[in-house]
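Taking it in order: structure first as structure tokens, then the write-up.
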Amino acid sequence: MTDVGGIAAEQLRSLIERIERLEEEKAATAADIRDVYAEAKGNGFDPKIMRQVIRLRKLESADLEEQETLLDLYKMALGMVDGPPAANEA
């Protein structure tokens with residue numbers, strides 16, 4: 001292995017080349033994903049909503065429930081949805 005200034009040049013080159021290949025694969029995968037969203041849009045689906053669903057499906061159920069509860073609470077506080085009657089109105 002060639003040492004240049006204390007750096008294992010061949011090992012470094014190998015690591016850099018692996019990263020470059022993975023970056024190429026990542027770009028190809030991103031293009032494939034864009035194609036699927038375009039296909040979905042062409043079939044009448046909303047890609048923005050699909051992205052939200054995918055993001056939510058990645059969450060643990062407790063985290064998802066907490067986010068949905070907070071979202072509902074914030075929407076009620078802003079008058080965006082009807083919520084339970086306020087304590088002083090009961």
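Here are a few things to note about the model shown:
- Members of the stretch 1-58 that are part of a helix (DSSP H, G or I), among the acidic types (D, E) and at pLDDT 95 or above: E17, E20, E23, E24, E25, D32, D35, E39
- Just one of the numbered conditions (1) exposed (fewer than 10 other Cβ atoms within 10 Å of the Cβ); (2) within 16 Å of the chain's Cα centre (by Cα) is not true of P47: (1).
The values are calculated or read from the model by the stated rules, or taken from the named source; none is laboratory data. Because the structure is predicted, anything quoted here is derived from the model rather than measured. Glycine gets a Cβ as well: all are built from the backbone with ideal geometry, and neighbour counts include every protein chain shown.
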